[in-house]
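Chemist: So that we are looking at the same thing, I have put the structure below in structure tokens.
The values are calculated or read from the model by the stated rules, or taken from the named source; none is laboratory data. Not measured: the values here are computed from a predicted model. As a convention, Cβ positions derive from the backbone with ideal geometry for all residues, glycine included, and neighbour counts pool all protein chains shown.
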Amino acid sequence: MMTNSILSVRRVSKVYHVKQGIFAGKLPLRALQDVDFSLDHGQVVGLVGESGCGKSTLAKILLGLSMPTEGEVYMHGKPIRDIRVQERAKIIQPIFQDPFSSLNPRKNIAQIVGLPLLLRGFEGAEIRSRVGEMLERVGLPQRTLGSFPSQMSGGQRQRVAIARALIAKPQILICDEPTSALDVSVQSQILNLLRELRTELNLSYLLISHDLSVVRHMSDRVMVMYMGRIVEYSDVETLFETPQHPYTKALLETILPPSPGQGLPKLQLRGDFPNPIKPPSGCAFHPRCSLAQGKCQNVRPVLEGSEVHKAACFFKETIN
Ligand code: ADP
Ligand code: MG
């Protein structure tokens with residue numbers, strides 16, 4: 001496969017089978033549908049959408065923790081299913097939302113951060129020096145080497161998780177809601193750290209958040225997901241200035257104050273996120289969309305546009 005991309009996702013779909021009620025059989029839940037994108041060297045791609053839209057399902061597939069039902073993920077042009085787990089771990093590492101549950105409570109910080117090196121057969125002295133350097137790099141004092149996760153704050157634990165992910169010098173971090181479990185005051189510190197590390201180490205990130213303001217200041221490109229599909233894909237400035245999907249516009253209105261004299265936002269999100277087992281016909285967003293017309297109930301708009309800006313809406317040209 002010819003590509004400069006470090007990670008390519010080609011038409012990935014994921015179907016879970018879920019039981020509804022005690023007597024009912026299992027029903028298909030389409031958590032991801034036809035997801036297609038690439039991550040280039042040193043690039044940050046943001047992924048936003050409401051809870052339950054499929055973000056973590058995609059993260060798990062990229063990390064090889066879950067298999068796609070259809071489609072393929074390539075790393076440096078090679079299907080990840082053909083790359084051994086240890087090899088993958090040298091290229092791609094996760095940062096999860098809750099650093100507490102992802103850190104072993106019985107190991108101290110030196111052991112947690114050093115484990116990936118130990119597993120690869122590094123000597124004790126080399127491990128100690130690299131762990132010490134990494135701790136400094138993520139802003140943790142050396143005295144925390146002997147601490148246990150329970151003795152640290154949420155922000156410190158997320159720094160430990162970042163140190164552990166980076167110790168093996170990966171090229172890609174999959175950051176799944178990396179700041180959602182943290183106090184607001186700590187969130188920006190962790191985002192700043194991720195931003196510095198990205199530049200310094202020339203890392204690529206998939207930065208996942210339900211909050212558009214989290215991805216805004218770090219991403220080069222942003223994908224907006226609704227019910228398992230990418231509904232808009234754009235560079236970050238264009239997305240904020242001229243969004244083409246009414247869902248993106250509604251998400252923006254939740255984070256940006258309305259301009260003076262404009263009155264109430266026109267595209268407020270109506271109603272709740274639909275039941276993913278019974279997705280709406282046509283455009284899945286139509287029941288909540290103030291622009292929806294008859295066509296939207298019957299026909300699903302495809303994601304199309306230019307290389308740099310695509311949206312799946314019949315009214316994308318007229319929305320702004
Ligand atoms: P997000 O991370 O955007 O909140 P998820 O990827 O976790 O969304 O979930 C997407 C959809 O798939 C949800 O409807 C969720 O309930 C469902 N889902 C996630 N994991 C499983 C699973 N292991 N089995 C069945 N359904 C699942
Ligand atoms: Mg999630």
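Chemist: When the range 189-222 is examined, which residues are found to be more than 23 Å from Glu307 (Cα to Cα), of a type in the set (Gly, Ala, Ser) and modelled with pLDDT of 95 or more?
Modeler: The answer is Ser209, and nothing else.
Chemist: Check Phe122 against each of (1) outside any loop (DSSP other than H, G, I, E, B); (2) of a type outside the set (Val, Ile, Thr); (3) away from ligand 2 (no atom under 16 Å from the Cβ); (4) over 19 Å from Leu203 (Cα atoms) and name the one condition it does not meet.
Modeler: Just one mismatch for Phe122, condition (1).
Chemist: Given the criteria touching a residue at least 24 places away in the same chain (Cβ under 8 Å), surrounded by fewer than 22 Cβ atoms within 10 Å (Cβ to Cβ), over 30 Å from Val160 (Cα atoms) and within 16 Å of ligand 2 (Cβ to nearest atom), does Leu29 qualify?
Modeler: Working: touching a residue at least 24 places away in the same chain (Cβ under 8 Å): yes; surrounded by fewer than 22 Cβ atoms within 10 Å (Cβ to Cβ): yes; over 30 Å from Val160 (Cα atoms): yes; within 16 Å of ligand 2 (Cβ to nearest atom): yes.
Taking the combined requirement at face value, the residue satisfies it.
Chemist: For the range 17-51, name all the residues that are within 28 Å of Leu252 (Cβ to Cβ), out of contact with any helix residue (DSSP H, G or I) (no Cβ under 7 Å at 6 or more places or on another chain) and not in a strand (DSSP E or B).
Modeler: Asp40, Gly42, Gln43, Glu50, Ser51, listed by residue number.
Chemist: OK, next. Please count how many residues of the range 178-230 are assigned to a helix (DSSP H, G or I), more than 16 Å from ligand 1 (Cβ to nearest atom) and not β-branched (Val, Ile, Thr).
Modeler: Going residue by residue through the range 178-230, those that are assigned to a helix (DSSP H, G or I) are 184-201, 212-216.
Now drop any that are not more than 16 Å from ligand 1 (Cβ to nearest atom), which leaves 184-201, 213, 216.
Those still in the list that are not β-branched (Val, Ile, Thr) too: 185, 187-189, 191-198, 200-201, 213, 216.
Adding up the residues that qualify gives 16.
Chemist: Ala163 is checked against (1) among the aliphatic types (A, V, I, L, M); (2) more than 16 Å from ligand 2 (Cβ to nearest atom); (3) under 16 Å from the mean Cα position of the chain (by Cα) and fails just one. What number does that condition carry?
Modeler: (3)
Chemist: Taking the condition more than 17 Å from the chain's Cα centre (by Cα) and closer than 30 Å to Glu237 by Cα, does Glu87 pass? Explain how you work it out, then say what you get.
Modeler: On the way: more than 17 Å from the chain's Cα centre (by Cα): yes; closer than 30 Å to Glu237 by Cα: no.
The answer is no for Glu87.
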